Amino acid sequence: MRPLTVDSVDARADSEIPWLTDLRRQGLEAFQRLPMPTSVEEEWRYIDLDFDLADLGLADKPGAPMTPGPYDVDGLGRATIVDGSVVVVEPADGITISRIADADPLLLAGAADAAIPADLDRFSAASYGFGGDGLMVHAAQGSVASGPVVVDVQAVTPGTLSLPRIVLVAERQSELSVIILYRSPDEGVFHVVPHLQATVGDNARLKLTTVQAWGTDTTAIGQQRVVLGRDAHLHHGEAGIGAALGRLHFFVDIDGPGAHSEITGLYFGEADQVLDYRAFINHRAPHTTSNMFLKGAVEDASHSVFTGLIRIEAEAQRVNAYQTNRNLVLSDEAGAESVPNLEILANDVKCGHASTVGPLDADQRYYLMSRGLDRLHADRLQVRGFFEEAIARLPHQQLADPIRAAVNEKYVRAQDEGRT
Amino acid sequence: MSLALEVRNLRASIGSIEILRGLDLEVGFGELHVLMGPNGSGKSTLCHALMGKPGYSTTGSALVAGRELLGEDVETRARMGLSEAFQYPTEIPGITLRDLFEELADQRDDGDAIRARVSEAADRLDATRFLDRPVNGGLSGGEKKRSEIFQLAVLAPSVAVLDEIDSGLDVDAVREVAEAVERMRGPDIGVLLITHYNRILQYLKPDRVHVMVAGAIVQSGGPELAEELEERGYTDLVAEFGGPTPDAGEDDFLAGL
C-alpha cells in the first residue's frame, strides 16, 4: 500500500490539463493543513468519523474487477474504475470516453468551472492530492447519444482508500446520459472518496443516475458538483442502498438563465448504516428552476441525514425552487435528521420546502388491513408505495426494478427476521 | 341459519368518551338495511368499531355470520367476512389497486379466486380503469365511492357496511352508486348502508330503515320511515334521545364521527 505522502503521488496520472494540475498542487497543500472534519462543523453535523485519512493507504495496483451485479445494465459505452484507477474504457459512438491523462486538454478546458474546490475539506484535498487516473466522458456540441454510458466504480482491495474521479462534459446543445454504479464487496473494509463533476453547456441536457451499492463495511465520502449553463437541464437520480457510512455532499450551480435542475433520490438504511446527504442548490441566474425530491427510510439502528440549502442570489430573480424530503423511521433505534434551508437574496422568487420524519401511517395500515391484508403485508405495501413515488421519477427507468427490489428486500428481510 | 350481522349491546368509546351506548342491530343475509341519523350520532364510529380501528374500545357483541368480531384485529375481521366502504377512503400513494389485490392474492390461500373476482368485478362494474391508478389517489368523490364498491365486490364479504357512500355526490353519481349497491345484493350478503339523506333511497329498496341518535338505534321501520324522517327531520328525536355525542375538542381522531 502507498501512504498518503508527497512521495506517493502517482506521476503517471499527471495530466496535461492545467487546472487539474493546479488542483493537485492545491490538494497536496490543503491536505497538510486541514484536519479531519468533526461534527462541530455544520456540514458534518450528526456525523462522527472514527478514522484519519492519513492512516490509510492506496492500492499498489488495481485489484481484480467484480463480476456484474444487479444494477449492471446495458450501456452505449462503458468504463470501469477499480481502486481509483481507470481499468477499462469501451468507447461509444458520438461520445468520447477516456482516461483524463489521455484526454485532449481542449475537451476539458470548459470543465474547470465545475471543479470541486480542493480545500472543501480534507477528503477533497486527498482526492486531488493523491488521486490517480480519472475518467472523462465528453459529449460534443450538438451530439445526442442513443443510450447511457455506464461507469462501474469499484473498490476491491480490502483495507485501502480509493479516490476515483469522473469528469462529465456535455457541450452546448448535446444530450448526455450517464449511469454510475458504486460498489465494493461486503467482505473487507474499504474507504472511498469519489469525485464527480459535470459541466452542462448551454441548452444541453444531462441525465445522471448514481447508485451507491457499496458493501457493508465501506465508508464512502462522495463529493459531487454540477454546473448548468443557459437553458441547461439536469435530471439526476440517486439511490443510497449500501455502505456503512454513505455520504454525498453535492452542489448544483445553476449559472445560466433558464436552466433547470431536477433531482430525485431515495435511500434505505439498515443495521447501523449512516446515510448522509448534503445538498447545495445555488441559483445564480434568473428564470432558473430546481426541484429536489428525496425519500428515505431507516430501520434497525441506522441513521440518515439530509441537509439541503437552496441559495438564491440577488441577481437570480424569477426563480422557482422546491425541496422535499420525506423519511420513514421504521424502528425505535433508527433516526432521521431532515434539515431543509432557504437562503434567498432575490425578492421575486417562489421557493418552498417540505420535510417529514415519522413512522408508517396508521390510517394507511388500517385501510389496507380492512381489505384483508395482514399487518406485515399492509406495511410492506406501504413501504413499497412510499418509495414508488421516487422510483417513478428516476431518470433511468432501466434501473427501477433492481432499485425497487433492493429497498423492498431490505424491509421484507427485516420483517422476516422480526426486526420491525 | 345465522344472520349476516348481529350486533348486541355494542358500546364503543374513544378514551373516556362513550360514543356507542348499547347498540342492537340485525341484518339478515339477502337484506339491505339503511341506517340514518344526524351528525354526531355515532354512525361512523359504528363502522370503525365493527372494523376494529385502533383507538376504539368496545364491549358487547358483534357477530358476522355467527362469528364474534370483537377482540379480533382488523385483518381477521375482514377475513371473517366484514367489508366496509369508507366515507373518506385513505389514499395509498404509489400503490395501485392492482398492487393491493395482487398482494392480497399472494398472501391468501384463495388467491386464484381473488384474481378471478378482480377481472369479473372490473368488467361487471366497469371499473377496470381503477386498477392501474393509485389507491384513492387523484380520484373524484364519485370515483372514490365506486372504487370502494369495486373493492367490496372483489372481497365478496358476508356483510358490507357502506358509510355515507352517497355523500358529496351529484345526482348522476348517486344513481350510479345506488345501482352498484343493488348489484352487490344477493343471498350471501347482508348490506348496511349508512346515510344522511334519503336521496339515494329513491334508487334502492331497503328491507329496513333504522334511526340512530346519541349512539343507539332509537327507531326502526320499513322504507316509509326514511320518508317520514325527510319530512320531520331529526330534531324531535334528538330532543327525546339526546344530542350529538359530546364534543371532545380538537382531537383529529374524532373527525368523521
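Odds and ends about this structure:
- Considering segment B:145-176, the residues that are among the β-branched types (Val, Ile, Thr) and more than 27 Å from B:Leu63 (Cα to Cα) include one that is surrounded by the most Cβ atoms within 10 Å (Cβ to Cβ), namely B:Val174.
- Any hit, segment B:51-63, residues being touching a residue at least 60 places away in the same chain (Cβ under 8 Å), closer than 29 Å to B:Gly28 by Cβ and surrounded by fewer than 21 Cβ atoms within 10 Å (Cβ to Cβ): yes
- If you go through segment A:76-105 and keep only what is in a loop (DSSP other than H, G, I, E, B) and buried (at least 18 other Cβ atoms within 10 Å of the Cβ), you end up with A:Leu76, A:Asp83, A:Gly84, A:Ala103.
- Yes/no for B:Leu46 being out of contact with any His (no Cβ under 9 Å at 6 or more places or on another chain), more than 12 Å from every other protein chain (Cβ to nearest Cβ), more than 17 Å from B:Met212 (Cα to Cα) and aliphatic (A, V, I, L, M): no
- Taken over segment B:94-138, residues that are part of a loop (DSSP other than H, G, I, E, B) and either touching a helix residue (DSSP H, G or I) at 6+ places or on another chain (Cβ under 8 Å) or more than 10 Å from every other protein chain (Cβ to nearest Cβ) (or both) amount to 10.
- First in segment A:39-51 and under 15 Å from A:Ala220 (Cβ atoms), second anywhere and among the charged types (D, E, K, R), Cβ under 6 Å, 6 or more apart: A:Ile47/A:Asp276
- For the condition out of contact with any Pro (no Cβ under 7 Å at 6 or more places or on another chain), surrounded by 13 or more Cβ atoms within 10 Å (Cβ to Cβ) and either without any contact (Cβ under 8 Å) to a residue 24 or more places away in the chain or not polar (S, T, N, Q) (or both), A:Val73 qualifies.
- Flag set for A:Gly237, criterion: within 25 Å of A:Ala297 (Cβ to Cβ) and small (Gly, Ala, Ser).
- Of all residues making up segment A:372-420, the number that are on the phi > 0 side of the Ramachandran plot and either crowded, with 19+ Cβ neighbours inside 10 Å or within 14 Å of chain B (Cβ to nearest Cβ) (or both): 1
- Meets criteria (more than 12 Å from every other protein chain (Cβ to nearest Cβ) and of a type in the set (Gly, Ala, Ser)) for A:Ala362: no
- Residue selected from segment A:356-388 under the condition within 17 Å of A:Ala336 (Cβ to Cβ) and in contact (Cβ under 8 Å) with a residue 40 or more places away in the chain, by the criterion nearest to the chain's Cα centre (by Cα): A:Phe387
- Between A:Thr216, A:Thr157, the distinction of being in a loop (DSSP other than H, G, I, E, B), among the β-branched types (Val, Ile, Thr), closer than 19 Å to A:Asp60 by Cα and at pLDDT 95 or above belongs to A:Thr157 only.
- Among residues of segment A:389-406 being among the small types (Gly, Ala, Ser) and more than 18 Å from the chain's Cα centre (by Cα), the one that is farthest from A:Tyr267 (Cα to Cα) is A:Ala392.
- Condition met for A:Ser177 (more than 13 Å from the chain's Cα centre (by Cα) and either farther than 19 Å from A:Glu90 by Cα or modelled with pLDDT of 95 or more (or both)): yes
- When B:Thr45 is tested against (1) surrounded by fewer than 24 Cβ atoms within 10 Å (Cβ to Cβ); (2) within 17 Å of the chain's Cα centre (by Cα); (3) closer than 23 Å to A:Ala378 by Cα, exactly one condition is not met: (1).
- One residue stands out in segment B:164-189 among those that are touching a Ser or Thr at 6+ places or on another chain (Cβ under 8 Å) and modelled with pLDDT of 95 or more: the one that is nearest to A:Glu388 (Cα to Cα), namely B:Ile189.
- Residues satisfying the stated conditions in segment A:193-213, i.e. touching a residue at least 60 places away in the same chain (Cβ under 8 Å), among the hydrophobic types (A, V, I, L, M, F, W, C) and either in contact with a His (Cβ under 7 Å, 6 or more places away or on another chain) or in a strand (DSSP E or B) (or both): A:Ala198, A:Leu208, A:Val211, A:Ala213
The values are calculated or read from the model by the stated rules, or taken from the named source; none is laboratory data. Everything numeric here is computed off the predicted structure, so don't read it as measured data. Please note: Cβ atoms are built from the backbone with ideal geometry, for glycine as well, and neighbour counts cover all protein chains shown.
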